[in-house]
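Each remark here refers to the structure printed beneath this line.
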Amino acid sequence: MVILGISAFYHDSAAALVRDGVIVSAAQEERFTRKKHDANFPEQAIRFCLEQAGLTLDQVDHIVFFEKPLVKFERLLETYLAFAPRGFMSFKKAIPLWLKEKLFQKKLLTDSLAEMIETKPSKALKSAITKKLLFSEHHQSHAASAFFPSPFEKALVLTMDGVGEWASTSVGIGDGNTLTIQKEIHFPHSLGLLYSAFTYYTGFKVNSGEYKVMGLAPYGEPKYVDTIMNHLIDVKDDGSFRLNMDYFDYATGLTMTNQKFADLFGAPARTGETMLTQREMDLAASVQAVTEEVVRRMVKSLAREYPDIPNLCLAGGVALNCVANGKILKEGYFKNIWIQPAAGDAGGALGAALAAYYQHGKNPRVVKPAQDAMKGSYLGPEFSDDDIETRLSAMGAKCHRFANENDMIDATAHALAEEKAIGWFQGRMEFGPRALGGRSILGDARSPGMQKTLNLKVKYRESFRPFAPSVLREDVGTWFDLNTDSPYMLLVAPVNDNKTKPMTEAEQKLFGIDKLNIPRSDIPAVTHVDYSARIQTVHADTNPKYHALISKFKSLTGCPVIVNTSFNVRGEPIVGTPEDAFRCFMGTELDVLVVGNCVMYKHEQDPALAADYKDAFELD
């Protein structure tokens, strides 16, 4: 049985293909269109998924959309009625779009899919496609994406995000090939939207800047926790909560927060690109602390309520809050935790396909102990060395093509040891927001200047942003206070005490980048200001080439840890093709580019190409 899953029309459109329960392919549309968080119908992602499987669209048994548009429209209408007459302007803007397009998404999906086969599709073709269409609920898709690929026969599934149709938080029980939702918290009460409100208020973009708030939090003090808990959110002992909607405008308005929210915190929302102050850092620390407390109470309560289920799966946008994840892991409420790497809406495409296969199709599920079904999340396109060389030569690149992989790895590891900034493009592209050693920028974690270099000269982004370490799985416990797998970079843990360097009182009083530039461990490029790190454990079985590179670096330096950040610049999606990689290489101050077995050094390239490609990036 072949099932195609689709998520689209909100943000991060994606497609995923499952054949007989095996995840064959998955990718976000943004990687093909080069439009960050592309929400359009994911035609190119669908074409890739089909091509990877060697199939045509007519060979697909079911096509599953990740949510139910009619139920979502019901929520929209009921919300506007509940808050009326507030929100009329928002209603006036939203309703025409729904009546024109979103309310008829079944027809839109059918037409878009049919046009992939025929320029002017016949009624018979459209009818055939319509018969294959299924619709999953939003949180069912998220939960399915977390449970069915997990290494657990039975698990609790906690989904937290902004909102789906109605649910913003849900708890399900997965058992074999079944998944049942047990309880929900409904819109407008949403932990994800509370976090997004502070994302907006601190001057970052909603639905993309939340991770910046998380990265900013360690610079601040949680001075506003009581204000948030006393005025904005009522949290019960079991983690259930309600928001005070007097302070928010997202239910019916055009902004996340309102004047009453601004009055509560004593200033209007920060506008983008203005100087960050200690106030924004304190706000970030405060909402992060509240989020962690809500999640902690919820997970603790679930562990008490279901003592016979030792496994927990997480999905939804809040599950990308790796700081909160690390803390609930440390608390030990559950024996095992597994987090879907594409936890946001893109992962809903995969979840929808899996839900259809197991729940609609009632097919048996085979679980491999201690091994998930995500294949390291390396589910996107890949390129042969011949194809790579042809593509790069056509762009004017001067390449060294190594005869074998070992020589390429040796050259790359030596460049890392020399503190070069390296673009690393290998194997299949990752599915989800994290670069995991397939489309990564790499650096020497031991270098005190690497963090600043990558932020300001390569990524062109805010200087406060931390970088993540990739560490050999067998060495993680030696360097970090973590003794479990973290293959998807979704857990934060402290650097071990014997690797840290305490800051002086004067250093602790420094602000912003000055504080960050003080080396506080043997791996300063990946140690955040609170001595934590967002860890990726690298496994020889899921990414042997990346594992071999870090192993070679370790043999040269004694250190099994390197910097890993996504291969892109600010405002651009992660690179998807060798051409994308070369443009980014030439448009930034990367020193070396490694694509397959082809290695390029910046000093050997035509300088005119650097000027051309720098103009190609539209930084926001």
- Message: How large a share of the accessible area of the stretch 296-410, in percent, is made up of carbon and sulfur atoms when the probe is 1.4 Å and the other protein chains stay in place?
- Response: 48 percent
- In whole percents, the bins of 10 Å from zero upward hold the Cα-Cα pairs of the stretch 5-48 as 35, 49, 15, 1
- Options ILE228, ASN258, SER240, ranked by Cα towards positive dipole end of the stretch 202-272, top entry (Cβ charges): ASN258
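In whole percent, how big is the carbon plus sulfur part of the accessible area of the stretch 127-170, probe 1.4 Å, protein atoms only?
Numbers: 570 of 1010 Å².
Exposed carbon and sulfur together represent 57 percent of the surface.
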- Distance in nm between ILE518 and ALA128 label points, each 7 Å along Cα→Cβ, equals 6.8 nm
- Query: Toward the positive end of the charge dipole of the chain, about the Cα centre and with charges on Cβ (Lys, Arg +1; Asp, Glu -1), which of MET1, LEU379, SER150 goes farthest?
  - Reply: MET1
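What ranking of ARG401, ARG434 comes out by heavy-atom accessible area, probe 1.4 Å, highest first?
ARG401, ARG434
Provide the gained length on full extension for the span ASP61 to THR557, in nm with one decimal, where the gain is 0.36 nm per separating residue minus the Cα-Cα distance. Walk me through the numbers before you get to the answer.
On the way: separation 496, 0.36 × 496 = 178.56 nm, distance 5.22 nm.
Working it through step by step, the gained length comes to 173.3 nm.
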- Over all viewing directions the Cα convex hull of the stretch 378-488 casts an average projected area in nm² of 8.8 nm²
- Under 5 Å between amide H atoms, partner at least 5 residues away or on a different chain: which partners does LEU134 have, H built in plane at 1.01 Å? ILE63, VAL64, PHE65
- Which sequence of ARG570, ARG242, ARG31 reflects their accessible areas, 1.4 Å probe, from the largest down? ARG242, ARG570, ARG31
- Query: Per the Debye formula with a single identical scatterer at each Cα and no solvent contribution, what log10 I(q)/I(0) holds for the stretch 518-563 at q = 0.30, 0.34 Å⁻¹?
  - Reply: -1.07, -1.18
- Give me the log10 of I(q) over I(0) for the stretch 163-209 at q = 0.23, 0.26 Å⁻¹, as the Debye formula computes it from C-alpha points; what are the numbers? -0.80, -0.88
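Kirkwood-based Rg over Rh for the stretch 444-580 (C-alpha set), two decimals? Walk me through the numbers on the way to the answer.
Working: Rg = 15.1 Å, Rh = 15.5 Å.
A ratio of 0.97.
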- Translational D in µm²/s for the stretch 126-180 (Stokes-Einstein at 10 °C, 1.306 mPa s, Kirkwood Rh from C-alpha pairs): 129 µm²/s
- With all pairs of different alpha carbon atoms counted, what Kirkwood hydrodynamic radius in Å does the stretch 252-330 show? 15.4 Å
- Which of the peptides 361-369, 292-300, 385-393 is most tightly packed, and how do the rest follow, judged by the mean count of other Cβ atoms within 10 Å per residue? 292-300, 385-393, 361-369
- Accessible surface of the stretch 499-558 [probe 1.4 Å, protein heavy atoms]: carbon and sulfur percent: 51 percent
- For the chain, with only Lys/Arg (+1) and Asp/Glu (-1) charged at the beta-carbon, what is the dipole magnitude about the Cα centre, in debye rounded to 20? 900 debye
- Item | Per residue accessible area in Å² of the chain, where ligands, DNA and RNA are left out and the probe is 1.4 Å | 39 Å²
- Cα pair count fraction exceeding 35 Å, expressed as % - the chain: 39 percent
- Ranking ASP161, ASP308 from most to least accessible area with a 1.4 Å probe gives ASP308, ASP161
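Under the rule a/c < 1.5 gives rounded, and otherwise a/b versus b/c splits prolate from oblate, where does the stretch 192-348 land using the Cα gyration tensor? Walk me through the numbers on the way to the answer.
On the way: a/c = 1.85, a/b = 1.66, b/c = 1.12.
Because a/c hits 1.5 or more and a/b exceeds b/c, the stretch 192-348 counts as prolate.
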- Inverse of <1/r> over all distinct C-alpha pairs of the stretch 499-620, i.e. the Kirkwood Rh in Å, gives 17.3 Å
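The values are calculated or read from the model by the stated rules, or taken from the named source; none is laboratory data. Quantities reported herein were computed from a predicted structural model and do not represent experimental measurements. A quick note on method: Cβ atoms are made from the backbone with ideal geometry, for glycine too, and the neighbour counts reach across all protein chains shown. All accessible areas refer to the heavy atoms of the entire protein, side chains included, with ligands and DNA or RNA removed. Shrake-Rupley method; radii C 1.70, N 1.55, O 1.52, S 1.80 Å.
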